[in-house]
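S.K.: Sharing a structure with you now.
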Amino acid sequence: MQNIFLQYLNWQFFDVPGNILKAWRNFLKFNLNYFSVPLLLKSFFSPWRRYNMPYGRGFDIGKYLETLISNLIFRFLGLVMRSFLIIIGLLVEIFIIFAGAILFFGWLVLPAILIAGLIFGFKVLI
């Protein structure tokens with residue numbers, strides 16, 4: 001049986017920070033899954049939404065060039081859209097990293113802020 005103060009210290013500095021780190025990791029994993037960053041990187045040069053024009057039979061240079069340019073436009077559109085989605089996903093990931101760090105270190109400093117607030121409050125009263 002531990003002293004209640006030691007139980008509080010164990011909770012404040014070991015149990016909850018461990019849970020904060022687990023939750024932080026889960027948020028980071030969720031964000032990568034939500035924006036599908038690994039999948040977008042794998043299919044970076046694929047056509048957007050699998051738009052693709054068939055070349056058809058025979059050889060007609062006009063039809064061939066039209067299809068080639070259309071397919072290149074679809075691939076370029078896919079590259080642009082995937083770039084935006086990857087950038088937005090990475091920006092949200094950076095935000096989650098900073099927010100998690102602030103929350104984690106804020107939790108560790110919270111008892112000191114409480115004690116400093118009490119001391120400052122008593123000094124104001126006197």
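Values quoted throughout were computed directly from the atomic coordinates according to the rules given, and no laboratory measurement underlies them. Predicted, not measured: the structure shown is a model, and the values here were computed from it. Here the Cβ positions follow ideal geometry from the backbone for every residue, glycine too, while neighbour counts run over all protein chains shown.
S.K.: Filter the range 50-61 for residues that are surrounded by 10 or more Cβ atoms within 10 Å (Cβ to Cβ) and touching a residue at least 12 places away in the same chain (Cβ under 8 Å); which is farthest from Val80 (Cα to Cα)? Step through it out loud before you land on a result.
M.R.: Of all residues in the range 50-61, those surrounded by 10 or more Cβ atoms within 10 Å (Cβ to Cβ) come to 51-53, 55-56, 60.
Now narrow it down to the ones that are touching a residue at least 12 places away in the same chain (Cβ under 8 Å): 51-53, 55.
On the way: Tyr51: 14, Asn52: 17, Met53: 19, Tyr55: 24 Å.
Top of the filtered list is Tyr55.
S.K.: Identify, please: which residue in the range 62-91 is of a type in the set (D, E, K, R) and without any contact (Cβ under 8 Å) to a residue 24 or more places away in the chain and is, among those, farthest from Phe27 (Cα to Cα)?
M.R.: Lys63
S.K.: Do we find that Phe44 is surrounded by fewer than 14 Cβ atoms within 10 Å (Cβ to Cβ) and in contact with a Pro (Cβ under 9 Å, 6 or more places away or on another chain) in this structure?
M.R.: no
S.K.: Could you please find all residues in the range 100-122 being touching a residue at least 60 places away in the same chain (Cβ under 8 Å) and of a type outside the set (A, V, I, L, M)?
M.R.: Gly100, Phe104, Trp107, Pro111
S.K.: Look at the range 57-109 and say how many of its residues are charged (D, E, K, R) and closer than 30 Å to Gly18 by Cα. Talk me through it step by step, then tell me what you get.
M.R.: Taking the range 57-109 and keeping what is charged (D, E, K, R), we get 57, 60, 63, 66, 75, 82, 93.
Subsequent filtering for residues that are closer than 30 Å to Gly18 by Cα retains 93.
Total satisfying the criteria: 1.
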